[in-house]
Amino acid sequence: MPSFLYIATNSLNKTITGTVDGADKSAVIATLTKQGLRPISVKEGSDGKSAGSFSLNDFLGGNKVKSDDLVMFTRQLSAMVSAGVPLLRAIASLEQHTESAALKKILSYVIKDVEGGSALADTLAKYPNTFNDVYVNMVRAGEAAGILDEILKRLAMQQEKNATIRKKVKSAMTYPMVLIVITILAFFGLMLFVIPQIGKILLDLGGPDAKLPALTRAMLAISHFMTTYWYIALPALVGGVVLVLRYIKTPQGKIVFHHLVLKIPGIKVIIMKVAVARFSRTFAALMGAGVAVLEALSVTAHAVGNVVYEKALLDAADAVKNGDTLSSVIEKNTLFPAIVAQMLSVGEETGQTDVVLLKVADFYEEEVDVAIDGLSAIIEPVMIVVMGSMVGLIAASVMGPIAGLAQNIKS
């Protein structure tokens, strides 16, 4: 029986949304009317899309919950459940007080599903854009083991660590990006406004038959092209950037891009350390929550954020399924530092894999800080040299013919 997504108003004239099964649209409308609801819109759910995800994308307009809001929600829910507040009451309280409109709407749906008898993890799984596989699997494990408050604490800590790493990486890249933008704007400004005027002055001084140096002629040619065909050059540049960004988001483009960043000196070190830190913390959290090894590896693989590491972990899961130990598989993979395999081996022998991997995560998160600081220290002088070289090149193209003309005047 197909599932239908509806928007309706109740007796209090409050708009509500939900899903209901029915033979057709007419039967669904009749069912809603019997429940005292006034249907506004009834749509059949499309194939391959869950009702929850459909409602999230359509009714929230693609709005995403910010990571900081999700961390705060998880931390508060953990505190309330630990204090003995019933789960449903805790979620309802957070739904009333949250400042995030997107999270408020999602929690209103979650409350209705939980009131209807659904497990919290199953309800959260309907909103993959907000609650990822790691979140859902840990909540499911916590519900099954009766330690949801402890699991929520681990989730909040893990999210805070991930958010911290993301902020540090973004912060480190802000200054270089600003310098790159300034450099590009300065180049276009010089080519569009300064070089044409200088070229005119040189031609006026030397005459139409003046022999200009090759560097000057090249600069004038570039400037002439940009001023004459700017309506082609600018759209082509913007279109090229957009196409590259879209290609990177495709599965094939993501593979090419992630392989490429792992070959760039400086960037490679940061990407590897971030991936190892994420793997260690996520896998440790799932193992600590009681999730099975194979399932934990599969979920962790999709949470690492790099398709190269994702494939390595999925291959590792296949090897573990065939009887190999995870430490022996990781040891053979050059993507992971030797310390990861060594610590995994200790964890497997002592039965404390989650504990030892948290130590690895802490270590590599500190290493990420050091690597980012080092990269920032290198990028700044490099970008200054690039900008200085560009200005120097343009200055040389101008001063050369001026010096030549002055020499001719003297002679």
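Considering only residues in the stretch 147-165 that are of a type outside the set (D, E, K, R) and over 13 Å from residue 81 (Cβ atoms), the one that is surrounded by the most Cβ atoms within 10 Å (Cβ to Cβ) turns out to be 158. Determine whether residue 57 is modelled with pLDDT under 75 and in a loop (DSSP other than H, G, I, E, B). Judged against the criteria, residue 57 is not a match.
Residues that are at pLDDT 85 or above and not in a loop (DSSP other than H, G, I, E, B) within the stretch 263-277 comprise 268, 269, 270, 271, 272, 273, 274, 275, 276, 277, listed in sequence order. Are any of the residues in the stretch 60-77 in a loop (DSSP other than H, G, I, E, B), at pLDDT 80 or above and crowded, with 18+ Cβ neighbours inside 10 Å? Scanning the stretch 60-77, I find at least one residue that is in a loop (DSSP other than H, G, I, E, B), at pLDDT 80 or above and crowded, with 18+ Cβ neighbours inside 10 Å, so the answer is yes. The residue that is surrounded by the most Cβ atoms within 10 Å (Cβ to Cβ), among those in the stretch 272-301 that are within 17 Å of the chain's Cα centre (by Cα) and under 14 Å from residue 138 (Cβ atoms), is 300. From the list 393, 297, 335, 375, the one residue that fits, being assigned to a helix (DSSP H, G or I) and over 30 Å from residue 185 (Cβ atoms), is 297. Taking the stated definitions as given, is residue 304 more than 30 Å from residue 353 (Cα to Cα) and not charged (D, E, K, R)? Spelling it out, it is not the case that residue 304 is more than 30 Å from residue 353 (Cα to Cα) and not charged (D, E, K, R).
Only one entry in 327, 376 is among the hydroxyl-bearing types (Ser, Thr, Tyr), at pLDDT below 85 and closer than 30 Å to residue 256 by Cα, namely 376. Inside the stretch 172-206, residues that are touching a residue at least 24 places away in the same chain (Cβ under 8 Å) and not aliphatic (A, V, I, L, M) make up a count of 8.
Being among the basic types (Lys, Arg), out of contact with any helix residue (DSSP H, G or I) (no Cβ under 7 Å at 6 or more places or on another chain) and at pLDDT below 85, is that true of even one residue in the stretch 217-232? Yes; the residues of the stretch 217-232 include at least one that is among the basic types (Lys, Arg), out of contact with any helix residue (DSSP H, G or I) (no Cβ under 7 Å at 6 or more places or on another chain) and at pLDDT below 85. Applying the criterion of being part of a loop (DSSP other than H, G, I, E, B) and closer than 21 Å to residue 104 by Cβ to the residues of the stretch 1-36, the residue that is modelled with the highest pLDDT is 10. Taking first residues from the stretch 356-380 that are more than 28 Å from residue 180 (Cβ to Cβ) and outside the structural domain of residue 183 (by TED's automatic domain parsing) and partners that are crowded, with 18+ Cβ neighbours inside 10 Å and β-branched (Val, Ile, Thr), no Cβ contact under 7 Å between residues at least 6 apart in sequence or on separate chains turns up. Criterion applied to 164, 130 was being assigned to a helix (DSSP H, G or I) and in contact (Cβ under 8 Å) with a residue 60 or more places away in the chain, and the one residue passing it is 164. Scanning the stretch 184-241 for residues that are hydroxyl-bearing (Ser, Thr, Tyr) and under 22 Å from residue 386 (Cα atoms), we see that the one that is surrounded by the fewest Cβ atoms within 10 Å (Cβ to Cβ) is 223. If we scan the stretch 304-326, do we find a residue that is touching a residue at least 60 places away in the same chain (Cβ under 8 Å) and touching a Leu at 6+ places or on another chain (Cβ under 8 Å)? Within the stretch 304-326, not a single residue is touching a residue at least 60 places away in the same chain (Cβ under 8 Å) and touching a Leu at 6+ places or on another chain (Cβ under 8 Å). If I ask for residues that are of a type in the set (Gly, Ala, Ser) and within 13 Å of residue 161 (Cα to Cα), which ones from the stretch 346-376 would you list? Within the stretch 346-376, just 361 meets the criteria. Residues that are touching a helix residue (DSSP H, G or I) at 6+ places or on another chain (Cβ under 9 Å) and either assigned by TED's automatic domain parsing to the domain that holds residue 377 or aromatic (Phe, Trp, Tyr) (or both): does the stretch 75-97 have at least one? Within the stretch 75-97, not a single residue is touching a helix residue (DSSP H, G or I) at 6+ places or on another chain (Cβ under 9 Å) and either assigned by TED's automatic domain parsing to the domain that holds residue 377 or aromatic (Phe, Trp, Tyr) (or both).
The values are calculated or read from the model by the stated rules, or taken from the named source; none is laboratory data. Source: prediction; values computed, not measured. Ideal geometry is used to build each Cβ from the backbone, glycine not excepted, and the neighbour counts take in all protein chains shown.
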